[in-house]
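What follows is a single structure, written as structure tokens, with notes after it.
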Amino acid sequence: MPVSADARESTTASRRRWPPLGRGQPLLLVASIGVLVGSFLPWVDTIAGRFTGMEGGGVWTFYAGFLGLAGGLVPRRGLARLNGAIAAVTAIGLPLWQLQRLNAMCDWQVCMPSTGLVLVAGCGLLAARATHLLGRTPT
């Protein structure tokens, strides 16, 4: 028995449909893009000059930003939550470690945290919030 064209279109359209994104996935996408951008910006301002994130811990936050980006795009919420958690822990932990190290090495009049460090830490907090929202989303 031949299948009508309408029935064929409805079955192929239902197969191609993506599952709805979790509530926190768009926020995770925005936070991950912020982490990626902040990894390239200056992290420390000194009298001698500026030091970018790519000269230190920014490389690791750059990798974590891509993990968060994948978490924002993947249709499985459990995997998205895992990627978001890894990105959040890295994007919060490394700037805090950098601030603690800066405090131990020099005075605040000589070394100051710069925009990249603040952006990565703030977007890490956004990624943590997105991960929390992903955990609360019903499946």
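A short reminder: the numbers here are calculations on the coordinates, not readings from a lab. Because the structure is predicted, anything quoted here is derived from the model rather than measured. Quick reminder, even Gly has a Cβ in these numbers, built from the backbone with ideal geometry, and neighbours come from all protein chains shown.
Quick notes
- Distance in nm between pseudo-label sites at Gln100 and Val30 (7 Å out along the Cβ direction from Cα): 3.0 nm
- All C-alpha to C-alpha distances of region 34-105, sorted into 5 Å bins beginning at zero, yield P(r) values of 3, 18, 24, 21, 14, 9, 6, 3, 1, 0 percent in whole numbers.
- 3J(HN,Hα) along region 33-48, derived from phi through the Karplus expression 6.51 cos²θ - 1.76 cosθ + 1.60 where θ = phi - 60°, amounts to 5, x, 5, 4, 5, x, 5, 8, 6, x, 9, 9, 9, 10, 5, 6 Hz, with x in place of Gly and Pro.
- Under the Karplus curve 6.51 cos²θ - 1.76 cosθ + 1.60, θ = phi - 60°, whole-Hz ³J(HN,Hα) for region 71-88, x wherever Gly or Pro sits: x, x, 9, 6, x, 8, 5, x, 5, 5, 5, 5, 5, x, 5, 5, 5, 5
- Amide H contacts for Leu41 (H built 1.01 Å from N in the peptide plane; partners 5 or more residues away or on another chain; cut-off under 5 Å): Gly53.
- Rounded D (µm²/s) - region 67-139, Kirkwood Rh over Cα pairs, Stokes-Einstein at 37 °C, 0.692 mPa s: 248 µm²/s
- Extents of region 14-139, taken as max minus min of Cα coordinates on every principal axis and listed largest first, are 61, 23, 16 Å.
- When each of the peptides 119-126, 95-102 is scored by how many other beta carbons lie within 10 Å of its residues on average, the order from highest to lowest is 119-126, 95-102.
- Additional length obtainable on full extension of the chain from Met112 to Val37, 0.36 nm per residue less Cα span: 25.1 nm
- Kirkwood hydrodynamic radius of region 58-99, from inverse mean 1/r over distinct Cα pairs, in Å: 10.2 Å
- Straightening the chain between Glu55 and Val89 buys 10.2 nm, computed as 0.36 nm per residue apart minus the Cα-Cα spacing.
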